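A.B. asks: Pasting a structure below so you can have a look.
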Amino acid sequence: MVDYKTNKEKMMADWWQSPLGQAVLLQEKNKLHSLSAYFHGYYQLQLGNKQSLLPASSRPSQQKIMAKAADVEGLNESLPFKCHSVDLLLLNHVLEFSIDPHQVLREAERLLVADGTIVLCSFNPWSLWGLRCLLSWQDQPPWQGKFYRQTRIKDWLALLNFEIIATEKLLFSPPLRSAKWFNRFSFMERWGKRLWPFWSGVTILVATKRTIPLTPITKRWRARQLFPTGSFVRKPVTKVLREKNE
């Protein structure tokens, strides 16, 4: 099982270095840099690819990458970091190739601080890329992955108290291996977002971890009684003695 997973990771790493893989990373990097306003906090972590896609920060920050032969190596389903230790987490096509994508998101929720940010890049099954996945051999990258619908990913995030704050669509060109032919369809990138955004090859989701504060329940205010009433009223001593003498 370990050797099989390692082989899949190596195949995927090789695909990212191919002309098509590099074209995907270039578009994603440009789009993520345009979203730099959402990349805040001191500790920022990227999963899924050893090529950094994190925008440069004007403020002091530590940016780390967890991938094969990167800063850190580990399992996406069991991240080797402390709870509430990361301000921003970028998942670059991690869910599609995970054995348990929901567990990956649970780990992300565990790592992030309150109001931390998660950024997800994922392939869209309702696109030319999704169609290519259906028609391709399932043992070839990236088509061996499982492309999830955005509504499903959003449901997973909502269950973990994440709130979607931004959505971006990109990669409208067909998944052609040849860089020459891929570039010939660049006009689809210009018109795709405006005319057919639903069919984008990649969707980027930005979500914030919301924490539910515990609201103290205050007791209903009641005015204190300054003087006792009813049967608790004691008769004056002089009045008691007077009644006895009579």
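A.B. asks: Can you go through Lys82, Lys68, Lys64, Lys31 and tell me which one is surrounded by fewer than 14 Cβ atoms within 10 Å (Cβ to Cβ), touching an Asp or Glu at 6+ places or on another chain (Cβ under 8 Å) and among the basic types (Lys, Arg)?
C.D. replies: Of the residues listed, the single one that is surrounded by fewer than 14 Cβ atoms within 10 Å (Cβ to Cβ), touching an Asp or Glu at 6+ places or on another chain (Cβ under 8 Å) and among the basic types (Lys, Arg) is Lys68.
A.B. asks: Going through region 205-220 one residue at a time, which ones are within 27 Å of Arg106 (Cα to Cα) and either in contact with a helix residue (DSSP H, G or I) (Cβ under 6 Å, 6 or more places away or on another chain) or modelled with pLDDT under 95 (or both)?
C.D. replies: Selection gives Val206, Ala207, Arg210, Thr211, Ile212, Pro213, Leu214, Thr215.
A.B. asks: Then there's this: State yes or no: is Arg194 surrounded by fewer than 15 Cβ atoms within 10 Å (Cβ to Cβ), modelled with pLDDT under 95 and either within 28 Å of Tyr38 (Cβ to Cβ) or of a type in the set (Asp, Glu) (or both)?
C.D. replies: Yes: the conditions hold for Arg194.
A.B. asks: Scan region 84-124 for residues that are in contact with a Gly (Cβ under 7 Å, 6 or more places away or on another chain) and in a loop (DSSP other than H, G, I, E, B) and jot them down.
C.D. replies: Of everything in region 84-124, those that are in contact with a Gly (Cβ under 7 Å, 6 or more places away or on another chain) and in a loop (DSSP other than H, G, I, E, B) turn out to be His93, Val94, Asn124.
A.B. asks: Also: Would it be correct to say that Leu54 is part of a loop (DSSP other than H, G, I, E, B), surrounded by 14 or more Cβ atoms within 10 Å (Cβ to Cβ), in contact with a strand residue (DSSP E or B) (Cβ under 6 Å, 6 or more places away or on another chain) and at pLDDT 95 or above?
C.D. replies: It is true that Leu54 is part of a loop (DSSP other than H, G, I, E, B), surrounded by 14 or more Cβ atoms within 10 Å (Cβ to Cβ), in contact with a strand residue (DSSP E or B) (Cβ under 6 Å, 6 or more places away or on another chain) and at pLDDT 95 or above.
A.B. asks: So, one more: Answer yes or no: is there a residue in region 68-78 that is touching a residue at least 12 places away in the same chain (Cβ under 8 Å), assigned to a helix (DSSP H, G or I) and under 17 Å from Pro141 (Cα atoms).
C.D. replies: Checked region 68-78: no residue is touching a residue at least 12 places away in the same chain (Cβ under 8 Å), assigned to a helix (DSSP H, G or I) and under 17 Å from Pro141 (Cα atoms).
A.B. asks: Scan region 129-143 and tell me whether some residue there is at pLDDT below 95, touching a Leu at 6+ places or on another chain (Cβ under 9 Å), under 24 Å from Asn30 (Cβ atoms) and not in a loop (DSSP other than H, G, I, E, B).
C.D. replies: yes
A.B. asks: Hey, does region 152-164 have a residue that's over 19 Å from Leu111 (Cα atoms), in contact with a helix residue (DSSP H, G or I) (Cβ under 6 Å, 6 or more places away or on another chain) and either surrounded by 14 or more Cβ atoms within 10 Å (Cβ to Cβ) or basic (Lys, Arg) (or both)?
C.D. replies: No, region 152-164 contains no residue that is over 19 Å from Leu111 (Cα atoms), in contact with a helix residue (DSSP H, G or I) (Cβ under 6 Å, 6 or more places away or on another chain) and either surrounded by 14 or more Cβ atoms within 10 Å (Cβ to Cβ) or basic (Lys, Arg) (or both).
A.B. asks: In region 15-51, what residues are in a loop (DSSP other than H, G, I, E, B) and either under 22 Å from Val72 (Cα atoms) or in contact with a Lys or Arg (Cβ under 8 Å, 6 or more places away or on another chain) (or both)?
C.D. replies: Those that are in a loop (DSSP other than H, G, I, E, B) and either under 22 Å from Val72 (Cα atoms) or in contact with a Lys or Arg (Cβ under 8 Å, 6 or more places away or on another chain) (or both): Gln17, Ser18, Phe39, His40, Gly41, Tyr42, Gly48, Asn49, Lys50, Gln51.
A.B. asks: Out of the residues in region 174-191 meeting the condition of being among the hydrophobic types (A, V, I, L, M, F, W, C) and assigned to a helix (DSSP H, G or I), tell me which one is modelled with the highest pLDDT.
C.D. replies: Met188
The values are calculated or read from the model by the stated rules, or taken from the named source; none is laboratory data. Since the model is a prediction, treat every value here as computed from it, not as a measurement. Ideal geometry is used to build each Cβ from the backbone, glycine not excepted, and the neighbour counts take in all protein chains shown.
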